[in-house]
Amino acid sequence: MPSAFPSAVLGSGRPVTLRGAGHSCDGQTVTDSELLVTYAPDAAVRQVRDLDDGLIEVPAGMSWYGLERYLNRSGRAAPVLPNYLHMSVGGTLSVGGAGIDSVRSGMQVDHVERIQLIDGTGISRWCSRTDHPELFRFALGGLGTVGLIERAVLRTVPICQDTHMHRADHATLAELVEHAEQIAQRDDVDIYSASMRRGRLSSIVGRRGNGLRRCGEENCMIVSDPIRGRISHLRDVAAQFSDRVRLWTDYIVPVEQFAPMVATVETLLHRAPLNGVDPMLYILIVRRALDAPSFAFAPVRTAPVSIVVGLYTWGDRDPDVISATRHIFRDLLERCCELGGRPYLYGVTDLDTPLAERLYGTDLDRLAQLRSEHRLEHVNAHLPLVRAATRT
Ligand SMILES: Cc1cc2nc3c(=O)[nH]c(=O)nc-3n(C[C@H](O)[C@H](O)[C@H](O)COP(=O)(O)OP(=O)(O)OC[C@H]3O[C@@H](n4cnc5c(N)ncnc54)[C@H](O)[C@@H]3O)c2cc1C
């Protein structure tokens, strides 16, 4: 149930865990103490404010589905949508937000104009690239470690009714990698994703526009529903295994390091228990503007083009299987770090202080200072990122 007065809950000083829709995968929003839930998709639409210049102000508890429906009615759209829309705006901005549009438009956090952030005393302040820029840089992609995002002002784009897509199959992972590297160099692609599912390797490449027609090439399709044209089948996969433990992990590496990262994944797919299940791989290309902010903990660094490598498995609740899977993920995390990449912190990430220092450098110490300055010691204190920063 959504919390009515977030500033009072935060200002009380009682231990509290922030939660949007609770779709992160590693206990980020699980707690024995108080839970502050923002997700309120039905009520949120009444609190949306249309601003000038294509900007829109939304409550953090709105779902992407509700927001996109709202925007589409007035001919607008979010520049980047995740492939599953029933997640909160605040929760996704607190991790980063990528999708098939990222090949053109980067991360969702790149399209945030400003956020209203509540600190540990209950005080709220608007933060942007120019007002409280450090809090802005730490809050977006920061897992709620520097306060609660209450509202966000987002940039929108004119809607494109049609998506023209081509699906391609690939015989090997090496072939998929080569294809993705070629796509990453092109500037005429609006959507891209690739996956390995039940042994099938495929990718989708597309353009957006209005009044688009089939080109006659094989595997060509036009999707004229703006929402359906912007999400992928991953949501169906998620629903299919809702009774299992979701062990998902994603790494983002500079495009030049994509091939070695996938080679490591391919090797580890042969190790138990992954060799006995049917894990899914999911690949996205992320191209960011040259002036995109350098967020402290978001998964992308400043490389103009990066690749998301997601590995998703659904296990029985067997502790040995979970532990062996986490070992494999830890090896992948090490490799990602060696290759100059970062983990996507919504997923399973065994982060200890030495590794966090390698990944985040001086921002880790600065996080501890900001939490102290803004009296946030009782907020999301259980997160490995906070424990690494505060050496607890
Ligand atoms: C089926 C499925 C598909 C997905 N697809 C994508 C995808 O395409 N692209 C992508 O980028 N990600 C994807 N994800 C990952 C998703 O973006 C994250 O799990 C995200 O956190 C979900 O939002 P949420 O509202 O559930 O956040 P939660 O899990 O509730 O919270 C995530 C983190 O943010 C903090 N937090 C939550 N709300 C706030 C707030 N208002 N202010 C400050 N901190 C807050 C929480 O404490 C927690 O640490 C997917 C996940 C699932 C389960």
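Below are the figures for this structure:
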| item | result |
| --- | --- |
| Hey, H170 in contact (Cβ under 8 Å) with a residue 24 or more places away in the chain, out of contact with any helix residue (DSSP H, G or I) (no Cβ under 9 Å at 6 or more places or on another chain), not assigned by TED's automatic domain parsing to the domain that holds V16 and not aliphatic (A, V, I, L, M) or not | no |
| Residue list for segment 8-26, restricted to those being part of a loop (DSSP other than H, G, I, E, B), more than 6 Å from the ligand (Cβ to nearest atom) and under 24 Å from H86 (Cβ atoms) | C25, D26 |
| Qualifying residue in segment 129-140 (condition: under 20 Å from A289 (Cα atoms) and aromatic (F, W, Y)) | yes |
| Filter result (charged (D, E, K, R), part of a helix (DSSP H, G or I) and closer than 18 Å to P254 by Cβ) within segment 172-189 | E178, E181 |
| Subset tally (residues that are part of a loop (DSSP other than H, G, I, E, B), in contact (Cβ under 8 Å) with a residue 24 or more places away in the chain and more than 30 Å from F138 (Cβ to Cβ)) for segment 267-301 | 6 |
| Boolean, V45 is of a type in the set (V, I, T), at pLDDT below 95 and either over 29 Å from A194 (Cβ atoms) or not assigned by TED's automatic domain parsing to the domain that holds T313 (or both) | yes |
| Boolean, S63 is touching a strand residue (DSSP E or B) at 6+ places or on another chain (Cβ under 6 Å), farther than 14 Å from I149 by Cβ and near the ligand (Cβ under 10 Å from one of its atoms) | no |
| Of residues in segment 108-130 being more than 19 Å from Q47 (Cα to Cα) and out of contact with any Lys or Arg (no Cβ under 7 Å at 6 or more places or on another chain), the one nearest to the ligand (Cβ to nearest atom) | Q108 |
| Cross-chain or 6+ apart pairs with Cβ under 7 Å, segment 99-111 first and within 14 Å of V89 (Cα to Cα), then aromatic (F, W, Y) and open to solvent by less than 10 Å² (accessible area, probe 1.4 Å) | V109/F295 |
| Filter result for the condition that a residue is open to solvent by 30 Å² or more (accessible area, probe 1.4 Å) and under 15 Å from the mean Cα position of the chain (by Cα), over R335, R287, R330 | R287 |
| Residue list for segment 184-203, restricted to those being more than 19 Å from E68 (Cβ to Cβ) and surrounded by 15 or more Cβ atoms within 10 Å (Cβ to Cβ) | A184, V189, Y192, A194, S195, M196, R197, L201, S202, S203 |
| Flag if R137 is more than 10 Å from the ligand (Cβ to nearest atom) and either assigned to a strand (DSSP E or B) or under 18 Å from L10 (Cβ atoms) (or both) | no |
| Verdict on R151 being part of a strand (DSSP E or B), more than 16 Å from the ligand (Cβ to nearest atom) and of a type in the set (K, R) | no |
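The values are calculated or read from the model by the stated rules, or taken from the named source; none is laboratory data. If you're wondering where the values come from, they're calculated on a predicted model, not measured in any experiment. Glycine gets a Cβ as well: all are built from the backbone with ideal geometry, and neighbour counts include every protein chain shown. Ligands, DNA and RNA are excluded from the accessible area calculation, which covers all protein heavy atoms including side chains. Shrake-Rupley method; radii C 1.70, N 1.55, O 1.52, S 1.80 Å.
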